[in-house]
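Asks: There's a structure below that I have some questions on.
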Amino acid sequence: MPSYTLHYFDFDARAELIRLIFAYAGIEYKEINYDFQEWPTIREKFPYQTMPVLEIDGKQLAQSGAITRYLARVAGIDGKNSTEKARADMYSETFIQEIIEKSYSFRIPLIEPDEEKRKEIAQEFLKDKLTPFFDRLEEQFKKNGGGPWFCGETFTFADLSYFRMINNVMDLVMKVETPHPEIRAVYERVAKLPRIADYQKNKKQRPF
Ligand SMILES: N[C@@H](CCC(=O)N[C@@H](CS)C(=O)NCC(=O)O)C(=O)O
């Protein structure tokens, strides 16, 4: 197994799915966190002056999506065939782009400093985005075979990405009124995986 070092800020944000894949696969890695004050003097070290960056035996791999897919391949959870791989990608990208990235506007004070405004945006997000999104996801999940995982019988990184997304907006998920029993069950299944349960129990609590 290569040696792995993950470089990121001390946030969940774009590194959390990567950490979850490491945890699921039981792969050892080192993590180095940077703060914003030191970032301007450090960014030059990285290929595109952004993080996360995964160092694999000393070689740098940038882009959270590339790192995720690389690790999913290493862990054997990237899907068994081209269709499953594409579907896992589709779900994971949707969770990241449609929900997690859109939640930054009410999660990150640096983006929206006004706390009252952040609360307002969160309420709008719950009503206009999250609730219809879950209705649709429940429908898609059933159409695509009904589980137990997002790629049917095959567990993939999309299930971890889903778990990550729900945790990211858990406070709002609790307020969604329509029931979504099928996809809710996926969350419970992931949460019960022994290595994931262990990771969640011991994980550092970060604001976003
Ligand atoms: N598309 C990139 C975006 C990376 C990115 O923008 N990372 C942020 C932190 S989440 C960053 O490095 N910001 C510092 C900067 O842009 O100077 C990815 O997914 O890895």
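The values are calculated or read from the model by the stated rules, or taken from the named source; none is laboratory data. All figures in this text were calculated on a predicted structure; none of them were measured in a lab. Positions of Cβ are backbone-derived with ideal geometry, glycine not excepted, and every protein chain shown enters the neighbour counts.
Asks: Scan the stretch 22-58 residue by residue and report those that are more than 27 Å from Ala158 (Cβ to Cβ) and more than 9 Å from the ligand (Cβ to nearest atom).
Replies: Selection gives Ile32, Tyr34, Asp35, Gln37, Glu38, Thr41, Ile42, Glu44, Lys45, Asp57, Gly58.
Asks: Based on what the data block shows, is Ser105 out of contact with any helix residue (DSSP H, G or I) (no Cβ under 9 Å at 6 or more places or on another chain) and surrounded by fewer than 16 Cβ atoms within 10 Å (Cβ to Cβ)?
Replies: It is false that Ser105 is out of contact with any helix residue (DSSP H, G or I) (no Cβ under 9 Å at 6 or more places or on another chain) and surrounded by fewer than 16 Cβ atoms within 10 Å (Cβ to Cβ).
Asks: Of the residues Leu71, Leu130, which single one is in the same structural domain as Arg184 (by TED's automatic domain parsing), touching a residue at least 40 places away in the same chain (Cβ under 8 Å) and assigned to a helix (DSSP H, G or I)? Before you say what the answer is, go through the steps one by one.
Replies: Working: Leu71 fails: in the same structural domain as Arg184 (by TED's automatic domain parsing).
So the residue among Leu71, Leu130 that is in the same structural domain as Arg184 (by TED's automatic domain parsing), touching a residue at least 40 places away in the same chain (Cβ under 8 Å) and assigned to a helix (DSSP H, G or I) is Leu130.
Asks: Which of the residues spanning the stretch 127-167 are in contact with a Phe, Trp or Tyr (Cβ under 8 Å, 6 or more places away or on another chain) and farther than 20 Å from Lys80 by Cα?
Replies: Phe163, Arg164, Met165, Ile166
Asks: Filter the stretch 59-80 for residues that are more than 15 Å from Phe22 (Cα to Cα) and touching a Phe, Trp or Tyr at 6+ places or on another chain (Cβ under 7 Å); which is nearest to the ligand (Cβ to nearest atom)?
Replies: Ala62
Asks: Which residues, counting only those in the stretch 170-207, are surrounded by fewer than 16 Cβ atoms within 10 Å (Cβ to Cβ) and touching a Ser or Thr at 6+ places or on another chain (Cβ under 8 Å)?
Replies: Of everything in the stretch 170-207, those that are surrounded by fewer than 16 Cβ atoms within 10 Å (Cβ to Cβ) and touching a Ser or Thr at 6+ places or on another chain (Cβ under 8 Å) turn out to be Glu177, Thr178.
Asks: Another question, then. Hey, could you check the stretch 12-63 for residues that are closer than 27 Å to Ala88 by Cα and of a type in the set (Phe, Trp, Tyr) and say which is surrounded by the most Cβ atoms within 10 Å (Cβ to Cβ)?
Replies: The extreme case among them is Tyr24.
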